[in-house]
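A.B. asks: This structure is in structure tokens; I'll ask about it shortly.
The values are calculated or read from the model by the stated rules, or taken from the named source; none is laboratory data. Since this is a predicted model, take the numbers as computed values, not measurements. Reconstructed Cβ throughout: ideal geometry from the backbone, glycine too, with neighbour counts over all protein chains shown. We work out accessible area using only protein heavy atoms, side chains counted, and drop any ligands, DNA or RNA first. Shrake-Rupley method; radii C 1.70, N 1.55, O 1.52, S 1.80 Å.
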Amino acid sequence: MIKKFIWIIFLILSIGAQAQYKPDVIILGGTAAGTAAAIQAARSGVKTLLINPSTSLIGETTPEMNIAAFDTGLWKEWKDKYKKASDSTLTDPRNVLAEMVKNTKDLQYLSATEVSSITERKDGWEVKVIINGKAEEIKCKVLVDATTNLKVSPLAQNNIINYDKDGKFTNLVNYNQNQQTQPYEQLQKLYRTSGAAGFGKDSLSIYYIPLGVFIPQEKENLLIVSMAAFRDFAIDDFRNIALWMNMGQAVGALAAYGPFFDTTPSKANIRLTQGEMFTYKSFLYPALDIKTDDYAWYPVQKVIASGILRLDFKTGLFNPNETVKAIAIKAVMAELFPRSRIWFIENKVDDLTVANAISLLSFVSGRDPISIQQELAADWKNKYTFNSDFKENQLINKVELAVLLDAYLAPFNIRIDFNGYFLR
């Protein structure tokens, strides 16, 4: 009888040991991108495990926090917590980040832990690590490689995917310099799929990053957030820790999508993934002339994503006070809202006035124009905090139209694929 009870206790302990690590997502590498990905994946509702070969996050060098950056998302959260802790024992920003990891629900962290092998499974991955001298096999649905150096990347060491002579893999989409600087002239509209943005090596270099660059063509349930994902760019182009935090946050949201909706990252709903970034105070586009705490910040981000109103990706300027010509929005409006074609045929206008905008919104949405007019009269200053007074005969500018488009037509809700094409 005693032996029987001992066996039962041993069995329970054995099952408990096996269940110690049961993540949906595993992140390899405690880099800025890897740590951000781990925090975001856990916050997005899936069990996450961060495996770091080093004893500290980020690396041996104390990260510079006073850099050109958009103060949003996980970067802002980290920076704000660091400022609060600067007079305490947590003076090293890496310690502050470690506390964020520690306090994130559904996120487990293995420090100073090497990956000995990776095996692809039908439903995901199996990662073998050595913990206290004992081999542990941990299964997951989605695997994320966030190691900075290809030579120490577990993916490369285990020959998981093919890298070219420059250490790059074949991405789901082809993101190049032309897509970065002249996105509107390209056949693919990758700018619509942006998941991250920020400054590069200095305040003169700005970037948006399409979600598809993190997805290898040849493997399901695998994401890579490192320079291996950027074939047409140099290391110096992205030498900015805030940008990598933003990229990691996007990858974390994308990684969580698969297990959460029982699919793969390559089949993710891009708009939901981008919306997750907004939920957690991150952003998609480097609009330099819109303040991040303005009411218009997120409506402008969403309307840029739709393509109706344009951002100058070379300068980062949205030009919010620029008036809007009907011809500038006609083509994309017609693609998104076919009913709007009739409005443009019946209304031969050049520069749009507030009255024109109300008429267009009413015609497309089917709402009574009088009720829209009354709402705008009340909300123009109080809710939307526009600088101008509400006058129907005045020309409408870009920031005003962006806010109204988002409020009344929600073009951001229309789905797209990873090439940026609209789905119907």
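A.B. asks: For the structure I just gave you, tell me whether I67 is assigned by the TED database to the domain that holds I161 and within 16 Å of C140 (Cβ to Cβ).
C.D. replies: no
A.B. asks: In the stretch 261-314, what residues are open to solvent by less than 20 Å² (accessible area, probe 1.4 Å) and either among the basic types (K, R) or out of contact with any helix residue (DSSP H, G or I) (no Cβ under 9 Å at 6 or more places or on another chain) (or both)?
C.D. replies: Correct list: R271, P286, W297.
A.B. asks: Select from the stretch 156-176 the residues that are modelled with pLDDT under 95 and outside any loop (DSSP other than H, G, I, E, B) and write down the one among them that is surrounded by the most Cβ atoms within 10 Å (Cβ to Cβ).
C.D. replies: A156
A.B. asks: Take T62 and decide whether it is part of a loop (DSSP other than H, G, I, E, B), β-branched (V, I, T) and open to solvent by less than 30 Å² (accessible area, probe 1.4 Å). Lay out the reasoning, then the answer.
C.D. replies: Values: part of a loop (DSSP other than H, G, I, E, B): yes; β-branched (V, I, T): yes; open to solvent by less than 30 Å² (accessible area, probe 1.4 Å): no.
No.
A.B. asks: So, one more: Quick check, is T148 assigned by the TED database to the domain that holds D237 and in contact with a Lys or Arg (Cβ under 8 Å, 6 or more places away or on another chain)?
C.D. replies: Criteria not met by T148.
A.B. asks: May I pose another question? Could you list, in sequence order, the residues of the stretch 207-238 that are out of contact with any helix residue (DSSP H, G or I) (no Cβ under 9 Å at 6 or more places or on another chain) and β-branched (V, I, T)?
C.D. replies: Across the stretch 207-238, there are no qualifying residues.
A.B. asks: Write out, first by first residue and then by second, each pair whose Cβ atoms fall under 9 Å of each other, whose residues are 6+ apart or on separate chains, and whose first residue, in the stretch 46-72, is over 26 Å from L204 (Cβ atoms) while the second is of a type in the set (D, E) and surrounded by fewer than 20 Cβ atoms within 10 Å (Cβ to Cβ).
C.D. replies: V46/D106; K47/D106; T48/D106; I51/E114; P53/E114; S54/E60; S56/D92
A.B. asks: So which residues in the stretch 393-410 are within 17 Å of L284 (Cα to Cα) and either part of a loop (DSSP other than H, G, I, E, B) or not assigned by the TED database to the domain that holds F337 (or both)?
C.D. replies: Hit for the stretch 393-410 is A410, nothing else.
A.B. asks: Which residue is nearest to L222 (Cα to Cα), if the candidates are limited to the stretch 82-118 and must be charged (D, E, K, R) and either modelled with pLDDT of 95 or more or open to solvent by less than 60 Å² (accessible area, probe 1.4 Å) (or both)?
C.D. replies: Checked the stretch 82-118; the qualifying residue nearest to L222 (Cα to Cα) is D106.
A.B. asks: Just the residues that are of a type in the set (D, E) and closer than 20 Å to N176 by Cβ, please, taken from the stretch 195-223.
C.D. replies: Within the stretch 195-223, the first condition is being of a type in the set (D, E), and the residues that meet it are 202, 218, 220.
Of everything in the stretch 195-223, just one residue is of a type in the set (D, E) and closer than 20 Å to N176 by Cβ, namely E218.
A.B. asks: Can you find a residue in the stretch 339-355 that is part of a helix (DSSP H, G or I), of a type in the set (A, V, I, L, M) and touching a residue at least 40 places away in the same chain (Cβ under 8 Å)?
C.D. replies: Looking through the stretch 339-355, at least one residue is part of a helix (DSSP H, G or I), of a type in the set (A, V, I, L, M) and touching a residue at least 40 places away in the same chain (Cβ under 8 Å).
A.B. asks: Being of a type in the set (S, T, N, Q) and outside any helix (DSSP H, G or I) is the filter here, so list the residues in the stretch 278-329 that pass it.
C.D. replies: Matches in the stretch 278-329: S282, T292, T315, N319, N321, T323.
A.B. asks: Continuing with the same structure: Determine which single condition E276 fails, assuming it passes every other condition in (1) in the same structural domain as W78 (by the TED database); (2) farther than 30 Å from E77 by Cβ.
C.D. replies: Unmet condition: (2).
A.B. asks: Anything in the stretch 226-250 that is over 18 Å from L143 (Cα atoms), in a loop (DSSP other than H, G, I, E, B) and either polar (S, T, N, Q) or outside the structural domain of A68 (by the TED database) (or both)? List them, or say none.
C.D. replies: Residue satisfying the conditions is N240 alone.
A.B. asks: Which residues, taken from the stretch 124-170, are touching a residue at least 40 places away in the same chain (Cβ under 8 Å), among the polar types (S, T, N, Q) and closer than 22 Å to A36 by Cβ?
C.D. replies: T147, T148, S153
A.B. asks: Restricting attention to the stretch 337-372, report how many residues are open to solvent by less than 10 Å² (accessible area, probe 1.4 Å) and either touching a strand residue (DSSP E or B) at 6+ places or on another chain (Cβ under 9 Å) or more than 19 Å from D389 (Cβ to Cβ) (or both).
C.D. replies: Residues meeting the conditions: 6.
A.B. asks: If you check A334 against the conditions, is it crowded, with 17+ Cβ neighbours inside 10 Å, under 27 Å from Y285 (Cβ atoms) and in the same structural domain as D406 (by the TED database)?
C.D. replies: When the stated conditions are applied, A334 does not pass them.
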